[in-house]
Amino acid sequence: MAIKRKIKELQRKREEVLQGGGEQAIRKQQAMGKLTARERIVALLDKGSFNEYDMFVEHDARDFDMDKKKLHGDGVIVGTGTIHHRPVAIFAQDFTVAGGSLGLMHSHKITKIMDHALKMRMPLIGINDSGGARIQEGVNSLAGYGEIFFRNTLSSGVIPQISVILGPCAGGAVYSPALTDFVFVVENISKMFITGPEVIKTVLGEEISMEDLGGARVHSEMTGNAHFFAKSEEECFMQIIKLFSFIPWNNAEKPNLTALKNPKKEYKIDDIVPADPKLPYDVRDVIRSVVDDSDFFEIQEGWAKNLVIGFGRMGGRTVGFVANQPLFLAGVLDVDSSDKAARFIRYCDAFNIPIITLVDLPGYLPGVDQEHAGVIRHGAKLLYAYSEATVPKLTLILRKAYGGGYIAMSSRHLRADFVFAWPSAEIAVMGPEGAANIIFRKEIKEADDPEKVRQQKVKEYKTKFANPYVAAAKGYIDSVIEPSETRKLLLHAIDVSDKKSISGPSKKHGIPPF
Ligand code: HXC
């Protein structure tokens, strides 16, 4: 009898906690198109797999009447469950409880589950819906965030860390996600900023809406802080589940092997790249023409569009793609695209994912804007990331590979394992027009018919350098191949590099141009 009474008491206590911030706050949350924190966890994880911990944790703040406030679960739900039947750790902040703000005990719940995730080598998912550090708790909330940032850094490159932004997130609630591997946002729901509109109005006297300051589109298209954009929370969860189908559970594993599927017939590799090097095309069609089932999972689709990154599978193995995108800015490298590629390369390298690089670019974007924005420093990140990466690196030169772009895009010289080129490849210090204008300037200027001589010199330069054979003659390219041979060769190259093992000189760590 006694145990029955105790079970009833437990049930009553649970019921109380499950009320979160109360009916009114939950209705407000729903009116914004948002699920509650627990609903989000249930929607994301495998059905029935969630187990909650630390449900009865209570805050211990006393100032500003906090001692009179009961904050259920202290505004965050933590636990473990499964995705694809494999274990994951998760926390979800509950905006209905004090705006999901982070006090000391709230932070202890998060750091405890982070420690579990690292110890047990399973991914960590953080659903952020929080006004940041709880103002009433002063330095204790700052300490809480510091502890989270430290653990984010410790876990980086060991277990996957996924952040989902599902509400107005300020301060620490966006800095922790910025330290994680992938950030997911949802239209109209996600907001990310260091200081909110209220603070901006107080300090600067400027009025700006939350959406314009840091809405989902701002971070998917302008800042690059977000990696995946969805139109609803449901779509966002589907994206997360798909991401988990490509990545390993920790850095000691390889991604799951799936059954080989051929690319779809509608992607005809011979017809995608125009022969004229000035004409654009969508490099994603080349990727789709070689990956299993033509399934390419693009990352940061809306930002730095002149370079494409994402996952696909080759013969059932996950690979990361880095490709210049001639549809935008002729596929040049610039500040943002260098950052985008460099970080992704480091992700693939940390988690044992081979990298395939598709090259077609006229070089780095020239101009005062880029120079002053630090293209030297940012561009160098790409050189560093490729040079440092020890996973299998396969390169395919489709068309143009000019100047620094040729070197930076996983060239043999940065230790690509296999470099292939199509017959349409052109490898030179710069485009034939620019090259002829510079090296034959005097002859062109002094000629009776300067334009005719200029054309002649351009042709001469093209014949000499604008082909793959000069590089192939030096062994910088391993094979010049027909487009239709591409998948077969890439599959083979991935197969033979499966056990690749190299190591560099012993050091604590390098000093990349962060
Ligand atoms: C305590 C907070 C809070 C916070 C929100 N609330 N943020 N309580 N500390 N940081 C409470 C509100 O008082 C309110 O309580 C409830 O949550 C809902 O908030 P609203 O303001 O009504 O919601 P909304 O209009 O949607 O605005 C959300 C918001 C705004 C944009 C997040 O609340 C806001 O600007 N909050 C402060 C953001 C901020 O500057 N945080 C500190 C960041 S510094 P009631 O009881 O009225 O329902 C930081 C340090 C780490 O995080 C930095 C690391 C580098």
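The values are calculated or read from the model by the stated rules, or taken from the named source; none is laboratory data. Since the structure is predicted, the reported quantities are computational estimates derived from the model, not experimental observations. Note that we place each Cβ from the backbone using ideal geometry, even for glycine, and neighbour counts take in every protein chain shown. Just so you know, the surface numbers come from the protein's heavy atoms only, side chains and all, with ligands and any DNA or RNA stripped out. Shrake-Rupley method; radii C 1.70, N 1.55, O 1.52, S 1.80 Å.
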| request: Taking only region 485-514 into account, find how many residues are open to solvent by 70 Å² or more (accessible area, probe 1.4 Å) and either closer than 13 Å to residue 391 by Cβ or in a loop (DSSP other than H, G, I, E, B) (or both). | output: 11
| task | Mind counting the residues in region 322-341 that are open to solvent by less than 10 Å² (accessible area, probe 1.4 Å) and part of a helix (DSSP H, G or I)? | result | 5
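Of all residues in region 157-179, which are crowded, with 19+ Cβ neighbours inside 10 Å, more than 8 Å from the ligand (Cβ to nearest atom) and part of a loop (DSSP other than H, G, I, E, B)?
Listed by number, the residues that qualify are 159, 160, 166.
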| region 49-82, residues that are of a type in the set (Asp, Glu), in contact with a helix residue (DSSP H, G or I) (Cβ under 7 Å, 6 or more places away or on another chain) and free of Cβ contacts under 8 Å to residues at least 40 places away in the same chain | 74
| task | Of the conditions (1) within 16 Å of the ligand (Cβ to nearest atom); (2) at positive phi, residue 224 clears all except one; give me its number. | result | (1)
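Sort through 257, 279 and tell me the only one that's out of contact with any helix residue (DSSP H, G or I) (no Cβ under 9 Å at 6 or more places or on another chain) and closer than 25 Å to residue 340 by Cβ.
It is 279.
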| strands (runs of 3 or more DSSP E) within region 183-302 that include 1 or more residues surrounded by fewer than 19 Cβ atoms within 10 Å (Cβ to Cβ) | 297-299
| message | With the structure loaded, tell me whether residue 412 is at pLDDT 95 or above and closer than 24 Å to residue 273 by Cβ or whether it fails that test. | response | yes
| Unique residue being open to solvent by less than 30 Å² (accessible area, probe 1.4 Å) and part of a helix (DSSP H, G or I) when the list is 345, 376 | 345
| Answer from 426, 451 - the residue that is under 40 Å from the mean Cα position of the chain (by Cα) and among the acidic types (Asp, Glu) | 426
| task | Note down all Cβ pairs under 9 Å where the first residue falls in region 198-215 and is of a type in the set (Val, Ile, Thr), the second is open to solvent by 100 Å² or more (accessible area, probe 1.4 Å) and away from the ligand (no atom under 11 Å from the Cβ), and they're at least six residues apart or on different chains. | result | 200/206; 200/207
| note | Going through region 124-140 in order, the residues found to be assigned to a helix (DSSP H, G or I) and surrounded by 24 or more Cβ atoms within 10 Å (Cβ to Cβ) are 137
| Filter result for residue 387 (farther than 26 Å from residue 485 by Cβ and modelled with pLDDT of 95 or more) | yes
| request: Please verify whether region 141-152 includes one or more residues that are open to solvent by less than 10 Å² (accessible area, probe 1.4 Å), touching a strand residue (DSSP E or B) at 6+ places or on another chain (Cβ under 8 Å), within 12 Å of the ligand (Cβ to nearest atom) and in a loop (DSSP other than H, G, I, E, B). | output: no
| message | residue 361 - would you say it is open to solvent by 30 Å² or more (accessible area, probe 1.4 Å) and over 18 Å from the mean Cα position of the chain (by Cα)? | response | no
| Of everything in region 90-135 that's at negative phi, within 15 Å of the ligand (Cβ to nearest atom) and among the small types (Gly, Ala, Ser), which residue is farthest from the chain's Cα centre (by Cα)? | 103
